[in-house]
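This report refers to the structure that appears directly beneath it.
The values are calculated or read from the model by the stated rules, or taken from the named source; none is laboratory data. Computed from a predicted structure; not experimentally measured. Here the Cβ positions follow ideal geometry from the backbone for every residue, glycine too, while neighbour counts run over all protein chains shown.
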Amino acid sequence: MRSLKKRPRSDNLVNQSRRHSGSLGRRIYLGLLIVFVFFVANYFWGDLIFLRGDGLVMRDKTVIAASYVSRIDEVAVTPGAVVSEGEEILHIASPEQLERLADLSTRQADLIQRSAEFRLRKQIADRMLPLAKERQQKTGELLDMVGGLKSSGNLSNERYHDILAESFDASSQLARLMADQDTLSDQMASLETARTEAHMALKNLQDHYSQGVIRSPVTGTVGAHVPVPGSVYRSGDPMVSIFSGDAYVLTYLPRRYLFAIEVGMEVNVSSGRQSVAGVIDAILPVSDMLPQEFQSNFKPRERSQLARIRLVEPDQFPLYEKVSVSSRLMW
């Protein structure tokens, strides 16, 4: 019979070449593994050798708060508007302040009236005092003259008593006028002090209320939140915020690092859209809790020291934008 398949001889095997396709897959796997290890190491320990921090773009903030219960009548600004120092931004009304102004005005009018009355009484006392002195002197002389007549029996008791009463009335009136003169002087001085204080209180309250006009204390930009007409604010409630000055970055420094962070160090500030050079202007001696948007789900909540970064181009970022800070040179 004839064989259909030729079988190789066991003593004469032919060497077979193997395919090397598996080596490329191992290289890709090893490369991905190295990248993953580098990413994990950079995430947990990269702060030790690279300056990396998160920050917020800030400006100097001026808050205009209600000093008393106020109702908003008019709003002259919009969010993001640029205002100048002294420019009108709000018009408010406060029944409480209007009532206080009315009370102080009434009190001042009453003090002015009382001061006028005391001044009139003082003028009368000043004019009557010389006459009272003259009357007391003459009645005293008359009493001395009739004293001898009374002793000799040439003057009746009734007439003597009339002259004695007249002398007593003259002395009493002189004493009252002299007392009134001294008392009215002291009362007028006290009343004048009270009237001056009431006038100053009324003027200060009028200047503070300023007919309900609220003006900007600085030149800057109005914040994102402005009141609407009809809103009522209690004392101490913020009504509007104004941001002034150049923009800067308030950054949260890493807790651990193996390099020196000093004032004057050049850094790079990036928002993802654009990057701007900056310089560390101050390292603040305070720490604060990282905002919620800076917290990591894989790390515990922590506090970081704050630093202020001056931007070379401060107008490139909007207010309160989240940015990342990194060193311009790697250590």
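Annotations for the structure displayed:
- Qualifying residue in the stretch 190-206 (condition: within 26 Å of Pro291 (Cα to Cα) and either in the same structural domain as Val269 (by TED's automatic domain parsing) or under 21 Å from the mean Cα position of the chain (by Cα) (or both)): no
- Within the stretch 166-195, if we keep just the residues that are loosely packed, with under 12 Cβ neighbours inside 10 Å and among the hydroxyl-bearing types (Ser, Thr, Tyr), the residue that is modelled with the lowest pLDDT turns out to be Ser190.
- Taking (1) assigned by TED's automatic domain parsing to the domain that holds Ile309; (2) touching a residue at least 60 places away in the same chain (Cβ under 8 Å); (3) in a strand (DSSP E or B) in turn, Thr221 satisfies each apart from (1).
- The strands (runs of 3 or more DSSP E) located wholly in the stretch 1-106 that include 2 or more residues which are modelled with pLDDT of 80 or more and closer than 30 Å to Tyr248 by Cβ occupy 52-65, 88-93.
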